[in-house]
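K.L.:
Have a look at the structure that comes next, please.
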Amino acid sequence: MALLLRVVLLLCGVAGFTKSLSITTTDQMIEKAKGETAYLPCKFTVGSEDQGPLDIEWLLSPADNQKVDQVIILYSGDKIYDDYYQDLKGRVHFTSSDVKSGDASINVTNLQLSDIGTYQCKVKKAPGVANKKIQLTVLVKPSGTRCSVDGSEEIGSDFKLICEPKEGSLPLQYEWQKLSDSQKMPTSWLAEMTSSVISVKNATSEYSGTYSCTVRNRVGSDQCLLRLDVVPPANRAGTIAGAIIGTLLALVLIGLIIFCCHKKRREEKYEKEVHHDIREDVPPPKSRTSTARSYIGSNHSSLGSMSPSNMEGYSKTQYNQVPSEDFERTPQSPTLPPAKVAAPNLSRMGAVPVMIPAQSKDGSIV
């Protein structure tokens, strides 16, 4: 029995003496909010036989299985290389200034949803090799939460209280509270106290007050406030009558404007037409009328002294020379019946008998 105990102690001493490189940090699952910094631990120890150069490598296996593993930071030959992965460039750093001391932990700053995945820490110091995995989950805090009422806030009506965050990772938890008056929620609402929507039936004035809705998930919370005022129903008949009267007044006003515009246009058009119009009732120039009359008078006097022998030639030439338009334009004056003189009186007065030829309708002498 004593001999067996000595053998066990000897084996344990040899195992302790020949202990090789190992990572002391256990596998972990870390949850962080978007925009925060994630600390990924990786501490290691080396054995006496591990004499090779120290190499440290961090790999990312994205949540999308279609993407291959990416090297995000590397320590080799006493130098650090952190520009392998473009999505994390400038956002991943070793936490220790001397990684050879046994601390290969890193920080990932300003977390994004694309940073979700499995991170693996590999430490090599020949002949020792060790690695550990850390699962990182990035969640979005609830934010931009808005409270609202869907429906009419009148006594006896039905409406809904809505609590809706603009963003936030699932699962989300809701909690409603009444902050004013008795600070007691109506009994009919208790079943929906942890829901994003509360359905209100047959509302009463007791429901009035200030309410708060708090939204939570595993990385944060957000809150909004709502003021509820349940009032008696409005006088809808008066509202409708006022709307009708207002509409009629608006139509009358529009009609008056259109009428005035139309009237003004008609007046302007009439003024332009009168300004450019030539009046038809203006009498012809007096000079032409007097000329025509003098011309006719001279012809009549000439006829009185002519004999029948030369009447024919004169009538064909002189009568035709009188312009027809002058006769047409000369206003017709009323003719007086000729005075009757006895033949004996004419002879004593020295009158000479003259034969006047007959004239046809076309003006020729018969």
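The values are calculated or read from the model by the stated rules, or taken from the named source; none is laboratory data. If you're wondering where the values come from, they're calculated on a predicted model, not measured in any experiment. Please note: Cβ atoms are built from the backbone with ideal geometry, for glycine as well, and neighbour counts cover all protein chains shown. All accessible areas refer to the heavy atoms of the entire protein, side chains included, with ligands and DNA or RNA removed. Shrake-Rupley method; radii C 1.70, N 1.55, O 1.52, S 1.80 Å.
K.L.:
Calculate one ³J(HN,Hα) per residue across the stretch 221-226 by plugging θ = phi - 60° into the Karplus curve 6.51 cos²θ - 1.76 cosθ + 1.60, and present them in order as whole Hz with x for glycine and proline.
P.N.:
Couplings: 8, 8, 9, 9, 10, 9 Hz.
K.L.:
Loop only by DSSP, 15 or fewer other Cβ within 10 Å of the Cβ. Give me the trypsin sites (Lys or Arg not before Pro) in the stretch 41-131 that pass, ordered by residue number.
P.N.:
Sites meeting the loop and neighbour criteria: Lys67, Lys89.
K.L.:
Also: For Asp229 and Asn107, what is the calculated FRET efficiency with R₀ set at 41 Å and r taken between the beta-carbons, to the nearest 0.05?
P.N.:
It comes out at approximately 0.20.
K.L.:
Next question, about the same structure. Each residue of the stretch 146-151 in turn: what ³J(HN,Hα) in whole Hz from Karplus with 6.51, -1.76, 1.60 and θ = phi - 60°, glycine and Pro shown as x?
P.N.:
Each residue of the stretch 146-151 in turn: 10, 9, 8, 10, 9, x Hz.
K.L.:
Same structure again: Can you list residues whose amide H is under 5 Å from Cys42's amide H, if they're 5+ apart or on another chain and H is modeled 1.01 Å from N?
P.N.:
HN-HN under 5 Å from Cys42: Ala104, Ser105, Ile106.
K.L.:
Okay, moving on. Any of Lys43/Lys141; Lys132/Lys166; Lys89/Lys122; Lys32/Lys125 with alpha carbons more than 28 Å apart? Name them for me.
P.N.:
Over 28 Å Cα-Cα: Lys43/Lys141; Lys132/Lys166; Lys32/Lys125.
K.L.:
For the stretch 263-271, in order, what is each residue's ³J(HN,Hα) by Karplus, 6.51 cos²θ - 1.76 cosθ + 1.60 with θ = phi - 60°, in whole Hz (x at glycine and Pro)?
P.N.:
Values, residue by residue: 5, 5, 5, 5, 5, 5, 5, 5, 4 Hz.
K.L.:
Turning to a different aspect of this structure: Using a 1.4 Å probe on the protein heavy atoms only, what accessible surface does Val138 show? Give it in Å² to the nearest 10.
P.N.:
0
K.L.:
Pick out, from Leu59, Gln112, Ser148, the residue whose Cα sits farthest towards the positive end of the charge dipole of the stretch 24-163, with +1 on the Cβ of Lys and Arg and -1 on the Cβ of Asp and Glu.
P.N.:
Leu59
K.L.:
Something else about it: If I compute solvent accessible area with a 1.4 Å probe over the protein chains, what percent of it on the stretch 33-153 is carbon and sulfur?
P.N.:
45
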